[in-house]
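Scroll down for the structure; my scribbles are underneath it.
The values are calculated or read from the model by the stated rules, or taken from the named source; none is laboratory data. Computed from a predicted structure; not experimentally measured. No Cβ is skipped: glycine too gets one built from the backbone with ideal geometry, and neighbour counts run over all protein chains shown. For the accessible areas, the whole protein counts, side chains as well, though only heavy atoms, and no ligand, DNA or RNA atoms are used. Shrake-Rupley method; radii C 1.70, N 1.55, O 1.52, S 1.80 Å.
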Amino acid sequence: MKERKITLTEKEIPEKWYNIVADMPNKPLPPLDPGTKEPIGPEALAPLFPEELILQEVSGEKWIDIPDEVRNIYSIWRPTPLYRAYNFEKALDTTVKIYYKYEGVSPVGSHKPNTAVPQAYYNKKAGTKKITTETGAGQWGSALAFACNHFGIELDVYMVRISYDQKPYRKSMMNTWGANVFSSPTNLTDAGRSILAADPDSTGSLGIAISEAVEMAATKPDVKYALGSVLNHVLTHQTVLGQEAVVQMEKAGDFPDIIVAPFGGGSNFAGISFPFLRYNLKEGKKVRAIAAEPTSCPKLTRGQFRYDFGDTIGMTPLFPMYTLGHTFVPAPIHAGGLRYHGAGVLVSQLLHDNLIEAQAVDQIESFEAGIIFAKSEGIIPAPEANHGIAVVIREAEIAKEEGINKTILFNLCGHGHFDMSAYEDYFAGKLHRHVLSDEEIDAAVSKLDTPVIE
Ligand SMILES: *Cc1c(COP(=O)(O)O)cnc(C)c1O
């Protein structure tokens, strides 16, 4: 029998997270105060995050210890399996070797608890009684609900109203783990009340939900806020999955030429790619790492590298990142996790320095790819992950034309069991190829008056 599944033992769960900042040729630029345009210090983040997470956010240390208590909870689902996709290769009629790391085996069905657990842990240590957060489709909210339940921290989730109404099962998951879930905009915050006064029927947005969660945390000392992507410490936590993959690829006797992952804010992409990019930066390897974003929210391939707010209302510091502008509202495509206007600072700097690549995929191509994968490998991917699978197929075709044997590794960051309505819409022909015009992109970006980075 050919070896399909490359597994590790619990003892092989990594003991440290990898912080790529230590190896980056150009270090990330500091966030700026939106008023003075001066760099902000770590203390500016203290109302929102516990000290240990702030230290990780600004750390230049290459390795950060994973606390035993966190590894202990990781062991509920980690190490996750790495598969050789023999059947998918056959379906594509390719000579390329394809591997995937499967993060859908976590209790919430995605990579998100890799950071939710340490975030809840450091909050518990700092005496946090309650955490607030936002969630769109519910992946992040359910991961943090799982983690906060473990540490006995109360959790308030502001869930975008349209998802609250349309995706009731993610809400039920959060409730099962004991979280309070509010349909945002609420009348509990100034931000929510002001939106409802202007538009009582507002369906909400991620930007509004962030403003509500931040407002609730910023004003109370024992209430903190947590974010599921974008920030440096979040990306660093996710390297636990890529480090496992490095060892698993070694066991398979292989090393990837190309790594692919879907891209929302950059956390699962960083998780799979940073531990391999370390070999590029330090040992002269030439792995290509490709981020797969949707054509309806193409910040990496068509956005600008400049300072911008992390949220829609403009409450955060200014971050140096690829962005479409913080007021940009992406079309309501089904890959909710990829509808973010900006990108993490670390991945943005790496892209600017040509150390990683990006490609945009429309939702029809992505669902076509996901269905080929589901039919051959059996696992039904999250709609976000389908974008990565589409890029894998593109690269396999290029390798075939060039007659070159290659090894591709991709991150299957989650399963799609709570997203079957998206597959239904695809089968019913209700999804469309959505590509933004240059005018639409210009209109979004031209609203910014923040510094462009050369
Ligand atoms: C949140 C999420 C994403 C996008 O976020 P990243 O930080 O870019 O990883 C992608 N896929 C799934 C399944 C998600 O839950």
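Quick notes on this structure:
- Within the stretch 221-270, considering residues that are over 21 Å from the mean Cα position of the chain (by Cα) and of a type in the set (A, V, I, L, M), the one nearest to residue 387 (Cα to Cα): 249
- Hey, residue 164 closer than 17 Å to residue 222 by Cβ, touching a residue at least 12 places away in the same chain (Cβ under 8 Å), open to solvent by 10 Å² or more (accessible area, probe 1.4 Å) and of a type in the set (Phe, Trp, Tyr) or not: no
- Boolean, residue 328 is within 24 Å of residue 58 (Cα to Cα), modelled with pLDDT under 95 and among the hydrophobic types (A, V, I, L, M, F, W, C): no
- In the stretch 230-245, the residues that are in a helix (DSSP H, G or I) form Cβ pairs under 9 Å with partners that are aromatic (Phe, Trp, Tyr) and near the ligand (Cβ under 10 Å from one of its atoms), at six or more places apart or across chains, as follows: 235/269; 238/269.
- Members of the stretch 65-88 that are without any contact (Cβ under 8 Å) to a residue 40 or more places away in the chain and either open to solvent by less than 30 Å² (accessible area, probe 1.4 Å) or basic (Lys, Arg) (or both): 77
- Any hit, the stretch 363-377, residues being of a type outside the set (A, V, I, L, M), more than 22 Å from residue 81 (Cβ to Cβ), at pLDDT 95 or above and in contact with a Phe, Trp or Tyr (Cβ under 7 Å, 6 or more places away or on another chain): yes
- Counting only helices (runs of 4 or more DSSP H) that sit completely within the stretch 65-169, those holding 2 or more residues that are in contact with a Ser or Thr (Cβ under 8 Å, 6 or more places away or on another chain) and within 16 Å of the ligand (Cβ to nearest atom) correspond to 113-125, 139-151.
Quick grid of which residues meet (1) away from the ligand (no atom under 16 Å from the Cβ); (2) open to solvent by 10 Å² or more (accessible area, probe 1.4 Å); (3) aromatic (Phe, Trp, Tyr):
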position	(1), (2), (3)
275	no, no, no
302	yes, yes, no
305	yes, yes, yes
311	no, no, no
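- Residue match in the stretch 206-218 (condition: open to solvent by 60 Å² or more (accessible area, probe 1.4 Å), under 18 Å from residue 327 (Cα atoms), among the hydroxyl-bearing types (Ser, Thr, Tyr) and touching a helix residue (DSSP H, G or I) at 6+ places or on another chain (Cβ under 7 Å)): no
- Unmet requirement for residue 279, which otherwise passes all of (1) farther than 24 Å from residue 233 by Cα; (2) surrounded by fewer than 19 Cβ atoms within 10 Å (Cβ to Cβ); (3) in contact with a helix residue (DSSP H, G or I) (Cβ under 9 Å, 6 or more places away or on another chain): (1)
- Residues that are at pLDDT below 95 and within 20 Å of residue 317 (Cα to Cα) occur in the stretch 191-204; there is at least one.
- Elements of type helices (runs of 4 or more DSSP H) contained in the stretch 354-454, each with 3 or more residues being surrounded by 22 or more Cβ atoms within 10 Å (Cβ to Cβ): 363-377, 383-402
- Only residues that are basic (Lys, Arg) and either within 19 Å of residue 263 (Cβ to Cβ) or crowded, with 21+ Cβ neighbours inside 10 Å (or both) were counted across the stretch 89-133, and they come to 2.
- Those residues of the stretch 170-187 which are outside any helix (DSSP H, G or I) and either touching a residue at least 12 places away in the same chain (Cβ under 8 Å) or surrounded by 18 or more Cβ atoms within 10 Å (Cβ to Cβ) (or both), in sequence order: 177, 178, 179, 180, 181, 182, 183, 184, 185, 186
- Applying the set (1) out of contact with any helix residue (DSSP H, G or I) (no Cβ under 7 Å at 6 or more places or on another chain); (2) at negative phi to residue 354 leaves exactly one unmet item: (2).
- Residues within the stretch 1-44 that are open to solvent by less than 30 Å² (accessible area, probe 1.4 Å), closer than 21 Å to residue 123 by Cβ and outside any loop (DSSP other than H, G, I, E, B), tallied: 1
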